[in-house]
Structure formats: C-alpha cells, structure tokens
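Accompanying notes for the structure given below.
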Protein chains: 2
Amino acid sequence: MAMKALSKATIYQVAQLAGVSIATVSRALRDSDLVTRETRERVQAAAQELQFTPSRPARSLAEGRHAANGIVFPDLVGPYYAEVVLGYEAAAAALGSSVLILATNGRRDPAAAVRELAGRVDGLTVMGRTIGDDVVAGIASTGLPVVLLARDPVEGVDTVRAGNSNTARALAEHLVGHGHRTITFLGDPDGSPDVAGRYAGVRAGSKGAHLTLVRGKGLDLESGRRAAKSLLKDKPDAVVCANDEVALGVLLAAQEAGLRVPEDLAVTGWDDLLAARFAGLTTVRQPMRELGATAARWLNKRINESATATRRADKRINEGPPVARRPDERDESHEENRTAARRRILATEVVIRGSCGAHEEVHP
Amino acid sequence: MAMKALSKATIYQVAQLAGVSIATVSRALRDSDLVTRETRERVQAAAQELQFTPSRPARSLAEGRHAANGIVFPDLVGPYYAEVVLGYEAAAAALGSSVLILATNGRRDPAAAVRELAGRVDGLTVMGRTIGDDVVAGIASTGLPVVLLARDPVEGVDTVRAGNSNTARALAEHLVGHGHRTITFLGDPDGSPDVAGRYAGVRAGSKGAHLTLVRGKGLDLESGRRAAKSLLKDKPDAVVCANDEVALGVLLAAQEAGLRVPEDLAVTGWDDLLAARFAGLTTVRQPMRELGATAARWLNKRINESATATRRADKRINEGPPVARRPDERDESHEENRTAARRRILATEVVIRGSCGAHEEVHP
DNA sequence: TTGAAAGCGCTACCAT
DNA sequence: ATGGTAGCGCTTTCAA
C-alpha cells in the first residue's frame, strides 16, 4: 500500500518505480505519442502512486517559460478593479496561464515590485495609476510582452481602454439639455488618464454652460464628500464627478447640506457601481470584465509571438555560419515580426437615472 | 555605451563583465557581508549595466522555495472577495511573498487547477465554495501549508473566519424586538458554511417568532429578486437574507410589488456593501481585509515552520548515522514540531439602518 | 520506442 | 574574501 505522500516525489522516483528512464517519464506524462501505450500506463500508474506533480520551477527553467502572467493595479477597492481582474483571470485561465497579482497602492517601492514580478511571468498587464511610463518602457525593452490597461499608451506597447471623452461629452450635453448652466467637474485630470479624458469630454459637451474644474484629489467616497462640502457653497447646478464613489460622497454631502437631488443639484458619476443603482445615480457603464479579458488575450498573443521569434533566432544562431552581420541587422529578435502596437477603445454607455434631473423613464 | 537589453542577462555574463566568479556575483547581490565593498560595487555596476535580474525559476529550483503563495476563491464578484483578496495581497507583500490567484467559478476542473497552483507556491489559502475538503486534505497531506478562510475546518488545518451565528442571533433578536413575528430566512445553508452559520444564529434568535427557510440558491442580486417574487406572496414580516446582494434584490422586488420597506416588510442583509448604505439596508459588517491579512500571516508562519522542520530533517539524514529508526519515529518531518491547528473567528457587527424598522437614529 | 546526457540559471558547500 | 563545482528537477536533443 502506498505510503502517505512525504516531501515531494521527483521524476527520478517515478522512473525508478516504473522501471524506465526519466526521459521516458517526462514524455509519457506529456508527449504521449512517442511512448508505447503500455509504458505510458505504467508510468502514469507510478506517478499516481507517488502523487507526483512536476516541479514548476524545474519545468520553467528547462522550458524557459513560466506559464504565468501578471497584472498590476493600484488596489482592489471598489468594484472597478476587482471586475477587471476577474475578467483577466478568467481569460488567462482559459488560455492555460496562471495569474500573479500586484497591488501597488501602499507599496513602498512599486517600480521594484513590478520589476520583481516581471521576472516571474511571461507577460505583464499594467493598469493606470500604478507605475510610471519609464518603468513600463524599461520592462518592455527587455522583450517582456506588456499590455497597458486603462492608461495612456506608451511607444510600442499595446493598449486597451474604455471610452472616456465621447461618452463624457454625451453626458455633459445631456446635462446642458436639461437646462443646467453651471456645471462643476469634480476630479483631478492630472491624477489619471481616465479622468483627463472624461474632463476633456465634459468640456467639449458643455458649450453654452459655465464649467468649473475642482481638482478633488482622491477617488473614494470620503474624498468626494469632503470636496463637496466646500464646493456646494458656490451653488452649482450640476456636479459631474470623476467616478461613482466620489459622486456618492457628493450625494451624502448634499443631503447633509439639505439640498435635494436632482431638484437643487444634479450629480453624475462614472462606473455604474451597484451602489449607483440604489442611489439613483446617473453614471457611465464600462465593460470592466471585457477590459480585463481583452488584455489577457492580447498578452497571450504577444507571448506566443515572441516565443516564436526567439525560437527562430536561436536556430539562426546555432545553425548559421559565424559571418559578420550586416549593420542594419541588429539583434532585436524580440521585435522582429512583431506587428505594430495594438490599440483598442472599448465602448462605454451613459446610464440615466434620477440624479441628473427628472425623467419619464429612468433606468432601473 | 550600454546596448539595449536583449534576451536576458544571466549571472555568468555579470560575472564575466565584473571579472569575478558567479559565486561572487551571487553573494554580492545578496549576502553582501561576505564580499569586499569594492567587489560588491563592481558587481552591482555590472548587474546594472546588463539589466540583470536573477531568474526566478532558477532561484526557486536552487533554493527549494517559490517565494510566492496562492489564494483560491470562487470569484471576485461583489466587494466581499475583492476586499479579502486585497487584505491578503497587502499582508503577503509585506512579508515578501508574491501572490497567485485562482478563481474556481466557471472552471471546468477546479480541483486540478488548485493542485496545479499548489505546485507553484509555498503555501495556499483556500476559501469556501471552491473545492472539497478531500482535495484540501490531499494537498495538506503533501506537507504544503494550507490556511482555510471562511469555511468549515478540516482536520489539522488552520482556519480563519468571521463570526456568523452570534451576530445573526443578535440580528434576529433585534427583529423580534421590533415586533416582527413572521420571519423568512432567504439563503441556502447547505450551499455555504457561512450561510449555515447565519441561519443557525437566526434560528436561535427567533424564539417567539415563526421562522421559515427559503432555500434561494444564488448569492447575487438577481437570485434574490427572483426568489423574492414568489416569497413575498406569503406576506412575511421580515426577510433575513444570506447576504447584501440578495437583500438588495429583495428590496427591488418589494418595490416592484408595491411594498414599502420597512413599513410593510423588513429586510436585512450581510456584508455591508457600499450599496447597502445607499439602500438604507440593515446588515452585518465583516472585517474582510483583516480576514485576508490574517490568513496571509498565518500561512507565512506555517511556511517558516515547515521550512525549519525540513531543514532539520535534511541535516539529520545527511549527518546522522544510518541506524534504524524507532518505529514511532515516522518520517513526517513536516508535521513534527507543528503546533495544533489554529482557529480564529473574527468579530462581526450589526449595522442598523432603515430597512429593519423605524429607528430614532440610524447608521449613516 | 527508449536511454544517456547536456543544459536551463542559480545557490551553497568546500576549498583555497 | 573568492573560486570551483555539485546539485535543484525537468526538457530535449542525440544515439542506439
């Protein structure tokens, strides 16, 4: 009878138990077509018996790949990032890749943490508000496939994002159409590319109204509430917030100030959190999971591309005669045969609820 | 001038560039005290120049550890898991460990996925509603440190969870105190240990009232709304829901049915989502991040313990004379010197808002 | 179809 | 203080 599994069985033990060489074990456990069915079964039985699981580090070292990729985000507070990460994980898993996560907020040295992560994966997805473009560029120049998610493009790197300006513009126009003439945008365009895009859109859609920018720093509820306290003294018609959490904070502040929404004040957010629905908040819906899934799929493509390129380069090195290369034939194998950086903007959609003015029918 | 980084620099190249042996490079880049300051600087300069980052697989293979741990959860939908994972990641990072995630929902073979994950980490945290106890036991028997999070204990494995029954009881008593006499519990106790605990508590706290159990399957908003549609025909006084999302669904259904909350119907949830606040939902708050952080810290302890034990065992094998062991001295080095399984239940707290009946003061 | 053996890149022990 | 070198466990030619 088999002993309880101890320590960790290696391929050598399996080989011994099955009476074959480790090479055969390796093949039997994967290639399969290069081994007799009988042998394979014997090996599999032995592996089973010893509860054998190949060592990941050993495999990775030999194969030269990790079979894992990573995603970097600021934090997981609020449903936005969580949904994105979830979509990412699901897509990556479907492609046979494990997922490493890294939250940069509250980290002493985010850049170092990301570099360390880069050494553990075959590819990396980096979201906005985490690390600088220089760090991203540095990592990408290593040949490590990188996909940018919800942040401004970096030369030569794929980027996936959700639409900001056009939808923001539509939102602002809607507000103006409601008769709002004094609009305040609450959020810091310099703090995040997304916010910048939203602000730009709101500006474009606010023709005919007076638009004020209030650079509220945080993107959480408390920041919104705090900013609103002073902001509301100016009696704006409408406050367009950088995201839902901030908008919910404004709602709270308005309530505390005795202001009615939307009669005295219109408020809008961005993200369509579950809470927005119950707060009757007009907002914008983003395809969060799809953002994550797209990033994961693109990354996978890039990883495959670069693997192919590398393999080809290796062959060339080993087989080719040692002639001097032509000067324009620089060794940038990971760049060759690489299509131009991909860009995609996923569509977003305004969700009208009560907070932006009276409507016949509002979204439930 | 340094060339753009290509492929991947190895320790050999750094050694060559610095004019030392790879052993010295290895030391200079970590041990530091065993090398001259001058040498160290030279090596670091070379490493810098080549953009050298040690290969993780090679390191792991040589060291026999991954410097990473994993967490398994059903999904990231709703703030609950996201918060837990965030707390986990933060604590793990502080302990110098990378984090691998695995969402089991929508996975064809969760057990296999978890086993594969187990091969990539030094320890594993497993949450409820993911894989069976047998799989957990199987992995734990490997000697891999495991911590259970928000699920029923398994023999010999550490468990961290949030209080369910006591708080649920207090909640039920509060409802009864309000005069509610016909209470319905909406949720499936067999579907999750947490729900089971909550139901048990509600039962204990419903003395003097008539309690009905409706086994609503899902834990999402739509499931709650759907279940409520038929459930409300029985005109219950109060509906205690397994979690907030279900409760919010009930709120929606009640509204559609023209019922006023709390006048016609009291509703309570569990989790204190952001949305609960805006829906005025009475609920229970759990220390979600703390749950995750605790799991990460415990796991770290276990990993250190088992590393120590293994090291000791190795020494014994290499140095000790080949005498026969005493029969009671079985080779279970990963179990020896291991304290009994830890258990902890983190406190939860009832958050009273409007949905459970009129109050003078409600939680904002 | 199978086995022997050369790495993969790094750590750590043993010399010097 | 530094170098030489034996592994760590697996994959993958190259031979047989």
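Numbers for the structure displayed
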item: Distance in nm between pseudo-label sites at B:HIS178 and B:ALA94 (7 Å out along the Cβ direction from Cα); result: 3.7
item: Ascending list, in nanometres, of distances separating the B:TYR12 label from those of the other copies (7 Å, Cα toward Cβ); result: 2.3
item: Relative contact order (%) - chain B, alpha-carbon pairs under 8 angstrom, separation at least six; result: 16
item: Above-threshold pairs, the threshold being 25 Å between Cα atoms, out of B:LYS207/B:LYS229; B:LYS8/B:LYS301; A:LYS217/A:LYS301; A:LYS207/A:LYS235; result: B:LYS207/B:LYS229; B:LYS8/B:LYS301; A:LYS217/A:LYS301
item: Check: the protein assembly as shown dipole with +1 on Lys, Arg Cβ and -1 on Asp, Glu Cβ, in debye; result: 1100
item: Exposure rule at most 10 other beta-carbon atoms within 10 Å, DSSP loop GluC sites (Glu not before Pro): chain B longest free segment; result: B:1-154
item: For the pair B and A, total buried accessible area rounded to nearest 100 Å², probe 1.4 Å; result: 4400
item: Fraction of antiparallel bridges per DSSP, the protein assembly as shown only, in percent to nearest 5; result: 10
item: Share, in percent, of DSSP beta bridges within chain B that are antiparallel, nearest 5; result: 10
item: Position B:THR182, label points 7 Å along Cα→Cβ, spacing to each other copy in nm (shortest first, one decimal); result: 5.2
item: Selection from B:HIS210, B:ALA112, A:LEU186 lying farthest towards where the dipole of the protein assembly as shown points positive, charges on Cβ; result: B:ALA112
item: Modelled FRET efficiency - R0 25 Å, B:ALA307 with B:ALA62, Cβ distances, 0.05 increments; result: 0.95
item: Shielding by partners, peptide A:173-184 (average Cβ within 10 angstrom, other chains); result: 0
item: Listed residues A:LEU148, A:LEU219, A:LEU17, most fluctuating in chain A (Gaussian network, C-alpha, under 10 Å); result: A:LEU17
item: Shielding by other protein chains, A:278-287, mean Cβ within 10 Å; result: 2
item: Hydrodynamic radius by Kirkwood, which averages 1/r over all alpha carbon pairs of the protein assembly as shown, in angstrom; result: 28.6
item: Virtual spin-label span in nm between A:ALA204 and A:THR36, 7 Å along Cα→Cβ; result: 7.1
item: Test item: A:96-107 mean partner chain Cβ contacts at 10 Å; result: 5
item: Helix-only mean residue ellipticity at 222 nm for the protein assembly as shown, each DSSP H run of n ≥ 4 adding -39500 (n - 2.57), per residue, nearest 500; result: -13500 deg cm²/dmol
item: Helix A:193-205 axis, angle to chain A major axis (alpha carbon atoms, nearest 10°); result: 40
item: Helix A:37-50 vs. chain A, principal-axis angle (Cα, 0 to 90°, nearest 10); result: 60
item: Shortest-first nm distances, B:ALA62 label point to equivalent points in other copies (7 Å, Cα→Cβ); result: 2.0
item: Surface share of carbon and sulfur [accessible, 1.4 angstrom probe, percent] for chain B; result: 49
item: Most fluctuating residue given options B:LEU252, B:LEU221, B:LEU34, as computed from a GNM of chain B linking Cα atoms under 10 Å; result: B:LEU34
item: Fluctuation leader among A:ALA111, A:ALA150, A:ALA45 - chain A, Gaussian network, Cα springs under 10 angstrom; result: A:ALA45
item: Rounded Å value of the spacing that divides the Cα centres of region A:233-278 and region A:167-185; result: 14
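The values are calculated or read from the model by the stated rules, or taken from the named source; none is laboratory data. Since the model is a prediction, treat every value here as computed from it, not as a measurement. Glycine gets a Cβ as well: all are built from the backbone with ideal geometry, and neighbour counts include every protein chain shown. Only protein heavy atoms, including side chains, enter the accessible area calculation; ligands, DNA and RNA are left aside. Shrake-Rupley method; radii C 1.70, N 1.55, O 1.52, S 1.80 Å.
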